[in-house]
Amino acid sequence: MSRSTDATAETATEPASGRRERRYDPATIEPRWQRIWEEREVFRTPQDLTELRRKPKYYVLDMFPYPSGSGLHVGHAEGYTATDVVARFKRMTGFHVLHPFGWDAFGLPAERAAVREGIHPAVITQRNVDNFRRQTKRLGFSYDWRREINTSSPDYYRWTQWIFLRLFERDLAYLAEVPVNWCPALGTVLANEEVKDGVYVETGDPVERRKMRQWMLRITAYAERLLQDLELVDWPESVKEMQRNWIGRSEGAEIDFEIDGHDGLSFTVFTTRPDTLFGATYCVLAPEHPLVERITTPDRREAVRAYVAAAEQKSDMARTDLAKEKTGVATGACARHPVTGARLPIWIADYVLMSYGTGAIMAVPGQDQRDWDFAKAYGLPIVRTVQPPADFDGEAYLGDGPAINSDFLDGLSIAEAKAKMIAWLEAHGKGRAKVQYKLRDWLFSRQRYWGEPFPIVHLEDGTVVALPEEELPVELPPVDEFRPTDDGRPPLARAGDDWLIVELPDGRRGVRETNTMPQWAGSCWYYLRYVDAHNEERPWDPELEAYWLPVDLYVGGVEHAVLHLLYARFWHKVLYDCGLVASKEPFQRLFNQGMILATSYQDASGKYYRRDELEERDGKLYPPGGGEPVTVQLEKMAKSKLNGVDPMWVIERYGADALRLYELFMGPLEQTKPWQMEGLEGLYRFLCRVWRLVVDDKSGEPSPRLIDQPEGCEPELCRTLHRTIKKVKEDTEALRFNTAISQMMVFVNQATASATLPRSIVLTFLRVLAPYAPHIAEELHRRLGGEGLLACARWPDHDEALCAEETITVVVQVNGKLRDRLEVPPGTGKEELERLALASETARRFIGGKTPKRVIVVPDRLVNVVV
C-alpha cells in the first residue's frame, strides 16, 4: 500500500483539488483527519465550570506509560484504544469527557542510559517522549493534548514535593534506619521484588544487605481504611483480593513472655491463634531483635553472632521462602510460659522478621507446619492443642476441633478458646487483643539522580526541617556524574555547595537531602493534575477536582494491581484528610486489559531469535549456522524475546483504524490473547468493504447503489441497523468491544448484499462505527455530504420496535428431553405456548397418548411436558 506523497499539501478540510481516492487508502485519509481534529481542537475539554456543569462528566484514564526508548508497542495500543472508544462514545452520548495523557518519566532506565551515553537523563527522556507522542498521535486517539503532563518537569514535581510536605506535616513521612538491598554496582537501593539469590534480577549484579537511613511513609496508619474502602469501588474482585492479602489484616492477641533470669526483660509476640498457647514449646526471635545480644549465653555467643551476620545478607523474600530449609540457633536463654510458668528455650531463626509483627513468635509445632519442621529438625517437643480427626495421620494439624492439653480451654471450639484465652490474658496482665497488618511502611527514598528531590534540609544541629513552600520546586542540580560518589553517597551529593548548602529565612543553615523520591511518587497523584494541568498557584482547583473526581474508568495492566494502586489510594486518603479532595477513593471503576502474546523462537541455550533469522527445513525452524531446532512458543510480547510487534509497522501497511479494530476484536478485553497477522488482515478487508458501501472503487465516485430514499425502503437492512445501534451501545458501555465489532460486521455484510443503500442508513451506521474506526468514518461521512464532524455528532437513537426479533425459538421438552422447537412471536402467552406444544406432532409421539401430569412453561424459552 503506497503512501500519498503530497498529503501534507492538502487543506485541513478537503483533499487536494480534483483528487478523490478510489480505493481505501488509510495512509492518505488518516493523517488528514488527525490534522483536522488537532487544528479545530475537537477534543479540547472545557475548563470553565459554568460550561462544565451543563452536562454530566465522564473521566476515562489510561495508566500513563514510562517513555522508554523502545516506544509504543501493541500492548499499550490495546488499552489506549479501549479507552479512546469509550471517550468518543461518551462524547456522542452527551457527556463532558476528560481523556488526558502524559508521561511517568522519572526512573532508573533513563539514568542508566545517561551513564552509558554521557547525556543528561532529561535529554534522553525528552527524546523518548517526543517519539512516544508521535507514535501515539498516529493512532488517532482523542486525547486533550493541552493537558499533557510529564512527572520529570519541575512544573509538575513542584507539586509532588508540595504533597510530600503535607505528609511530613502530618508525621506520615519520617527517617529510619532500615535494612535495605544495596547494589554497589548501581549505587542504589533495590526493592525486594528486584532481588533473587543475592543478585539484581535484571543485570546479575551482586546485592548486599545494608542498614541505611531512609525516608519512610507511614502507610500503615491507613491500613484499615485502605482495606475497608475497597467496598466503595467497582474493581475486579481478584485485584481487591490481592490488595487485601497485601494489607494482610489479622485478628489475634499480643502475649508477653518474661525472660528467665533477666529481671524486667520480656518480649511480646503476636499470634492469630492464642487458643494454642498451651502448645507453645519454644520461642523464636528475629536475628536482628534488640534482645538477642543481651540474652545470649556466653557459650552460644559465637554461633549466634555468625548466624546473625549471615541473616543480614539475605533479603526478606529469601528468608521467608516457605520452600527453603529451616535453620536456626539456640541463644541459651529461656522464656517463661505466661500461663504455666514452664521454661521455653529461645532460638533465633531467619524466617522471623523484625519488620513484621513484633519480631518474635511463640512456636506451636502441633498446630503449625513450619514450627513442626523446625521442632523435628532440632529435637524440640511437640504438644497438640487441637484434637485432629481419628483418621488424621499427618504432621501439624491445621483444622478445626476441640481444644486438648489446654487446661481451662479443653473441649472448647477454636473460636471459643480464642475468646477465653484473650480474656484470661487481659485479666492477668499477660496480653491483650490485637489487630495486626502484614502491610509495612513504604520505603520512599532512592540513591539516584533522576527523581524528585526532597524539599528537606538537615540542619547543623541534626534536626530535619521542611523547606518553605515558596522555595518549591527544588530542582535537580547539575552534576558531573550521575553515579553515586566513591564513598557511597547519592549522586545529588556531587552538586556544588551553592545547591547543597541552604540558609533558611530565620538564618539557620543546613544541607539539602540528597536522596530522591521513587518513581511511584509522580504516579500517585497524576490523575489529579490532569483536571487543572496549567494551574501555577496550586496543584488543582478544588471545584474542578470536585467536578471530575473520582475517575470513572481506569484501564491498565494487572501488574499494577497492588503497589501503584495502593500507593495512589494512600496519598488520596491523606489528601482527603487534608480537605484537598472531595472523594474518598481516586478510581471508581478499574479494568485490567489482558496481555497480548506473540510467537517467540528460543534455542536450547535460552537465546531468542527473530523469525526472519531462522531457516526452515522439514517443517522445523533452525538457528543460523545449524544446531538443534528452536522451540516455538507463545509468550508475552517483550523486547528481550524479540517477539514484539511495532504498531507503526502495522499502521504503515494496514492503517490505524485496522489496528484499532483488531486490538479490540481479538477477544474479550480482559483476556490474554495471541497476536495473529491473519486476523489483522481480516479487519483491513472489513474496512475495505465499508469503503465500498460508499465509494465505487473503479471510478472513485459515490456508489451507484446509494439512493436518496427513506430508510424504510430497505426494511430488513433498516431492522439490522437499529439492532446494530442498540447492541453496539450496550456492548461499548459494558466494554464488550469484540462483540460490538461482530455486530457491525453483520450490518456491513447485509448492506453489501443489499440491492440499494439508502443514504440515511449509511450515514447513521457511520456514526456507530466512528468511535471504533474514526478516520474512515469521518472520510465517508464527508463524501456522503454529512454535516459537521462525527467526532462531535450525537449517538443515533434506535427504535426498540425495530430491534425486536420477529420470531424466537421456544424448545419443547418431554420429561426434560428436547423433542421439538416452536417458532413464535416474542411474548407469546403461557396458555398459547402450552397449546402449541401439546399440538406438536413430534412431541405427541413421545407423550404417547398419556395425560400429562403437568406442563411447565417458561415464556420465550421452553415448554416441558411431564408424563
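The values are calculated or read from the model by the stated rules, or taken from the named source; none is laboratory data. Values in this document were obtained by computation on a predicted structure and should not be read as measured data. FYI the Cβ positions are ideal-geometry reconstructions off the backbone, even for glycines, and counts take in every protein chain you see. To get the accessible areas, we keep the full protein, side chains included, count just its heavy atoms, and leave off ligands, DNA and RNA. Shrake-Rupley method; radii C 1.70, N 1.55, O 1.52, S 1.80 Å.
Here are some notes:
- Tabulated pairs, segment 152-179, first within 18 Å of TRP520 (Cβ to Cβ) and in contact (Cβ under 8 Å) with a residue 40 or more places away in the chain, second among the basic types (Lys, Arg) and part of a strand (DSSP E or B), C-beta under 7 angstrom, 6+ apart or interchain: VAL178/LYS211
- ARG685 vs. criteria basic (Lys, Arg), out of contact with any Cys (no Cβ under 8 Å at 6 or more places or on another chain), loosely packed, with under 14 Cβ neighbours inside 10 Å and part of a helix (DSSP H, G or I): yes
- Single residue of THR631, THR672 found to be under 23 Å from ILE741 (Cβ atoms) and open to solvent by 50 Å² or more (accessible area, probe 1.4 Å): THR672
- One residue alone among GLU779, GLU787, GLU823, GLU805 is in a helix (DSSP H, G or I) and out of contact with any Cys (no Cβ under 6 Å at 6 or more places or on another chain), and that residue is GLU779.
- Criterion violated by ILE219 - all others in (1) under 18 Å from PHE570 (Cβ atoms); (2) free of Cβ contacts under 8 Å to residues at least 12 places away in the same chain satisfied: (2)
- Hits in segment 750-767 (condition: touching a residue at least 12 places away in the same chain (Cβ under 8 Å), open to solvent by 10 Å² or more (accessible area, probe 1.4 Å) and either part of a helix (DSSP H, G or I) or hydrophobic (A, V, I, L, M, F, W, C) (or both)): GLN750, THR752, ALA755, ARG759, SER760, LEU763, THR764, ARG767
- Taking segment 134-147 as the range and being under 26 Å from TYR58 (Cβ atoms), surrounded by fewer than 18 Cβ atoms within 10 Å (Cβ to Cβ) and among the basic types (Lys, Arg) as the test, the residues that pass are LYS137, ARG146.
- Residue match in segment 375-383 (condition: open to solvent by less than 60 Å² (accessible area, probe 1.4 Å) and within 42 Å of the chain's Cα centre (by Cα)): yes
- Contact map, segment 358-373: residues that are farther than 11 Å from THR271 by Cβ and in a loop (DSSP other than H, G, I, E, B) paired with residues that are among the acidic types (Asp, Glu) and open to solvent by 20 Å² or more (accessible area, probe 1.4 Å), Cβ distance under 8 Å, separation 6+ or inter-chain. Pairs shown: GLY359/GLU288.
- All positions within segment 558-585 that are among the hydroxyl-bearing types (Ser, Thr, Tyr) and within 19 Å of the chain's Cα centre (by Cα): TYR567
- Residue within segment 490-504 that is assigned to a strand (DSSP E or B), closer than 25 Å to GLU536 by Cα and open to solvent by less than 30 Å² (accessible area, probe 1.4 Å) present: yes
- Here TYR662 passes the criteria (1) of a type in the set (Phe, Trp, Tyr); (2) surrounded by fewer than 22 Cβ atoms within 10 Å (Cβ to Cβ); (3) modelled with pLDDT of 95 or more except the one numbered (2).
- For segment 355-374, filtering for residues that are crowded, with 18+ Cβ neighbours inside 10 Å and either in contact with a strand residue (DSSP E or B) (Cβ under 8 Å, 6 or more places away or on another chain) or aliphatic (A, V, I, L, M) (or both) leaves 12.
- Residue check, LYS639 open to solvent by 40 Å² or more (accessible area, probe 1.4 Å), at pLDDT below 90 and within 22 Å of the chain's Cα centre (by Cα): yes
- Every residue from segment 82-120 that is part of a loop (DSSP other than H, G, I, E, B), touching a Ser or Thr at 6+ places or on another chain (Cβ under 8 Å) and of a type in the set (Phe, Trp, Tyr): PHE101, PHE106
- Hits in segment 419-447 - residues which are open to solvent by less than 40 Å² (accessible area, probe 1.4 Å) and either assigned to a helix (DSSP H, G or I) or free of Cβ contacts under 8 Å to residues at least 40 places away in the same chain (or both): MET421, ILE422, LEU425
- Flag if VAL814 is open to solvent by less than 60 Å² (accessible area, probe 1.4 Å) and at pLDDT below 95: yes
- From ALA77, ALA16, ALA12, residue being modelled with pLDDT under 95, under 26 Å from PRO109 (Cα atoms) and either open to solvent by 10 Å² or more (accessible area, probe 1.4 Å) or of a type in the set (A, V, I, L, M) (or both): ALA77
- Count of segment 704-749 residues which are surrounded by 13 or more Cβ atoms within 10 Å (Cβ to Cβ) and in a loop (DSSP other than H, G, I, E, B): 5
- Among (1) among the aliphatic types (A, V, I, L, M); (2) modelled with pLDDT under 95; (3) touching a Lys or Arg at 6+ places or on another chain (Cβ under 7 Å) - the single one VAL199 does not satisfy: (3)
- Qualifying strands (runs of 3 or more DSSP E) (wholly inside segment 576-643; at least 2 residues being of a type in the set (Ser, Thr, Tyr)): 596-602
- In segment 587-605, the residues that are among the aromatic types (Phe, Trp, Tyr) and under 25 Å from PRO629 (Cα atoms): TYR601
One line per residue, one yes/no per condition, for (1) open to solvent by 70 Å² or more (accessible area, probe 1.4 Å); (2) within 22 Å of ARG653 (Cα to Cα); (3) of a type in the set (A, V, I, L, M):
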site: ARG23; (1), (2), (3): yes, yes, no
site: TRP37; (1), (2), (3): no, no, no
site: GLU41; (1), (2), (3): yes, no, no
site: ARG44; (1), (2), (3): yes, no, no
site: LEU52; (1), (2), (3): no, no, yes
site: LYS57; (1), (2), (3): no, no, no
site: ASP62; (1), (2), (3): no, no, no
site: PRO65; (1), (2), (3): no, no, no
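- Checking the stated criteria, ILE404 turns out to be open to solvent by 30 Å² or more (accessible area, probe 1.4 Å) and among the β-branched types (Val, Ile, Thr).
- Which numbered condition TRP525 misses (of (1) surrounded by 14 or more Cβ atoms within 10 Å (Cβ to Cβ); (2) out of contact with any Pro (no Cβ under 9 Å at 6 or more places or on another chain)): (2)
- Checklist (1) open to solvent by 50 Å² or more (accessible area, probe 1.4 Å); (2) modelled with pLDDT under 90; (3) not aliphatic (A, V, I, L, M) applied to THR828, failing item: (1)
- Flag if GLY579 is touching a helix residue (DSSP H, G or I) at 6+ places or on another chain (Cβ under 9 Å), of a type outside the set (Lys, Arg), farther than 30 Å from GLN676 by Cα and crowded, with 22+ Cβ neighbours inside 10 Å: no
- Residue in segment 491-501 that is in contact (Cβ under 8 Å) with a residue 60 or more places away in the chain and not basic (Lys, Arg) present: yes
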